[in-house]
Amino acid sequence: MRAILSEATPAARDRTRRIWCVHSAAEALNVLRDLSETPTVSTLALAFQAANHELALVGGPVRDAFLGRGINDLDFTTSARPDQILALVEPVAEAVWDIGRDFGTIGAQIQGERVEITTYRSDAYDGESRKPIVQFGESLVDDLRRRDFTVNAMAVLLPQLSLIDPFGGIDHLVAGRLVTPAPAEESFGDDPLRMMRAARFVAQLGFTLDEHAEWAMTELAPAIERISAERVSDELVKLLSTDSPLEGVRLLVSTGIADRVLPEVSALRLEVDEHHHHKDVYEHSLTVLAQAIELERERHPDAEPDVPLRLAALLHDIGKPETRRLEPGGTVTFHHHDMVGAKLAIKRLKALRFDKETTAHVARLIELHLRFFGYSEGVWSDSAVRRYVRDAGDQLERLHILTRADVTTRNTRKADRLAHAYDDLERRIAELAEREEIEAVRPDLDGEQIMAILNIPAGRLVGQAYSFLLNLRLDEGPLGEEEATRRLRAWHDSLAGNESG
Ligand code: CTP
């Protein structure tokens, strides 16, 4: 069915404006009709109709049909209670999941497609714990009223295909506005994660958040702390995975949500003194993020959004506020902001429960983001190029992108000079890679050989000999076994000489 869906919903994307074009009602209706005729949806619609229960497609799929975006999730809402949903779905489903049953949600796989069916809800939240007090409702309109935004609070009743849009969702889609169906303070108070969803939709759909909702977001920002770190980081990842996350990040920062979930980014808004001794680090970081995404698309047009790269781009200068010094003479320096930034990133990403690998990759990129800037001043030796490749390890491609993206100067001659210098570095890496295996640089002799040649047992000395040979290998390239043996012996003799002397 997915194939049918994507054919039925051609990408109506306007890349230059970075927003989704609203489909005409006729086009949307076609998409929804095709959808309702797919085996999955028609099977469900018939089963619920026969049992006299209302069933409607709701939220994302309805919104996306009108936006001409591909439809991914099939979410349904119904008057049937969880037990009744189960009884209707079990006979027609290949598999059923009832882990969300207490919240009214039954998941199922029907005709090869996964769906989620949820009983109408009219729940309230207790405002203290993170859990909603689940109350099942009687009406579709009440169910829609408790949803996050009007554009997500539209439903299409099946099988008759009537659109239920009690809160002006279509008007808001056309106007590109995010408005809450209930008062925003109530909606965000019920589920503070919606404030982060607002930032994501602003970025993803190119919409503008309603003024009152923005005010409520600022007022209720502290409530985001009620949400688990996992859900917060999931939403951050969704925001960063959009084509153009900047406006979403700005919204998180301006409303104070970022003070709670990514305070290091808010702290980038350093005062820029009147002499402009340094650039506005916050705006610079946002530009680097945008440029990194552009390069990512140019270099890997078919790849999934590269979240670690994007995190590194956004966070690469978070060491600056802590390391800023005003030097005599009035210049501003940020010594070691790369190392300090990498440490801060590890702390933040751990707190947000990012996996170890992502955290390590982001930290490595931040640590290395300045390394290249020495390159353009004097051409690096082969040894420096090998070390760059070795230190970047499997993050080399991301480091290429991050470093190129980090050039935000308006001086086009300077920008061109740096871009050419980086082209030159990439060319030299490729040349070296052709001659030798620089990605996996190893000494010319291994541990066993070292022990045999020096006639020593396993221990610290073998490790020292290994790093001596590795440095030699990085400095001089492949030496061959014979020369490496000679140099190893000489090194060992000089050690003995030092000890006796
Ligand atoms: N919803 C909500 N409040 C939330 C999460 C979800 O009101 N905090 C409602 C919205 O009506 C939303 C629907 O539940 O449309 C489904 O949620 P979800 O699948 O998370 O989002 P989608 O809107 O489908 O968007 P996407 O699939 O792009 O995440």
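The values are calculated or read from the model by the stated rules, or taken from the named source; none is laboratory data. The shown structure was predicted, so the numbers you read here are calculated from the model rather than taken from an experiment. No Cβ is skipped: glycine too gets one built from the backbone with ideal geometry, and neighbour counts run over all protein chains shown. To get the accessible areas, we keep the full protein, side chains included, count just its heavy atoms, and leave off ligands, DNA and RNA. Shrake-Rupley method; radii C 1.70, N 1.55, O 1.52, S 1.80 Å.
A few remarks follow.
- Cα-based Lys pair tally, the chain, threshold under 26 Å, eight or more apart or on separate chains: 17
- Size of electric dipole in the chain: Cβ of Lys, Arg +1 and of Asp, Glu -1, about Cα centre, debye, nearest 20: 760 debye
- Helix-derived mean residue ellipticity, 222 nm - over the chain, DSSP H n ≥ 4, -39500 (n - 2.57), to 500: -16000 deg cm²/dmol
- Degrees between helix 396-405 axis and first principal axis of the chain (Cα, 0 to 90, nearest 10): 80 degrees
- Check: the range 32-167 dipole with +1 on Lys, Arg Cβ and -1 on Asp, Glu Cβ, in debye: 200 debye
- For the chain, a Kirkwood radius taken over Cα pairs fed into Stokes-Einstein (37 °C, viscosity 0.692 mPa s) yields D = 124 µm²/s.
- Area accessible to solvent at ASP165, 1.4 Å probe radius, in Å²: 40 Å²
- Cut-off of 10 Å, at most 15 other beta carbons, DSSP loop: longest stretch of the chain lacking such GluC sites (Glu not before Pro): 139-270
- Global form of the range 357-501, assessed from the alpha-carbon gyration tensor, a/c cut-off 1.5: prolate
- Shape summary: the range 133-182 maps onto an equivalent ellipsoid whose semi-axes, from the alpha-carbon gyration tensor, are 19, 16, 6 Å in decreasing order.
- Rounded percent of accessible protein surface that carbon and sulfur make up, the range 267-440, 1.4 Å probe: 49 percent
- Global geometry of the range 295-448, whether rounded, prolate or oblate, following the gyration tensor of its Cα atoms and the 1.5 cut on a/c: rounded
- For the range 66-215, the ratio of Cα radius of gyration to the globular rule of thumb 2.2 N^0.38 Å stands at 1.09.
- Distance from the Cα centroid of the range 82-98 to that of the range 400-451 is 56 Å (rounded to whole angstrom).
- Rounded to the nearest whole Hz, the Karplus-based 3J(HN,Hα) values (6.51 cos²θ - 1.76 cosθ + 1.60, θ = phi - 60°) of the range 351-358 follow the sequence 4, 8, 6, 5, 5, 4, 5, 4, with x at glycine and proline.
- Å² of accessible area per residue within the chain, as computed with a 1.4 Å probe and no ligands counted: 48 Å²
- For the range 167-265, the fraction of 1.4 Å probe accessible surface lying on carbon and sulfur atoms is 48 percent.
- When +1 charges are put on Lys and Arg Cβ atoms and -1 charges on Asp and Glu Cβ atoms, the dipole computed for the range 267-440 relative to its Cα centre reaches about 580 debye.
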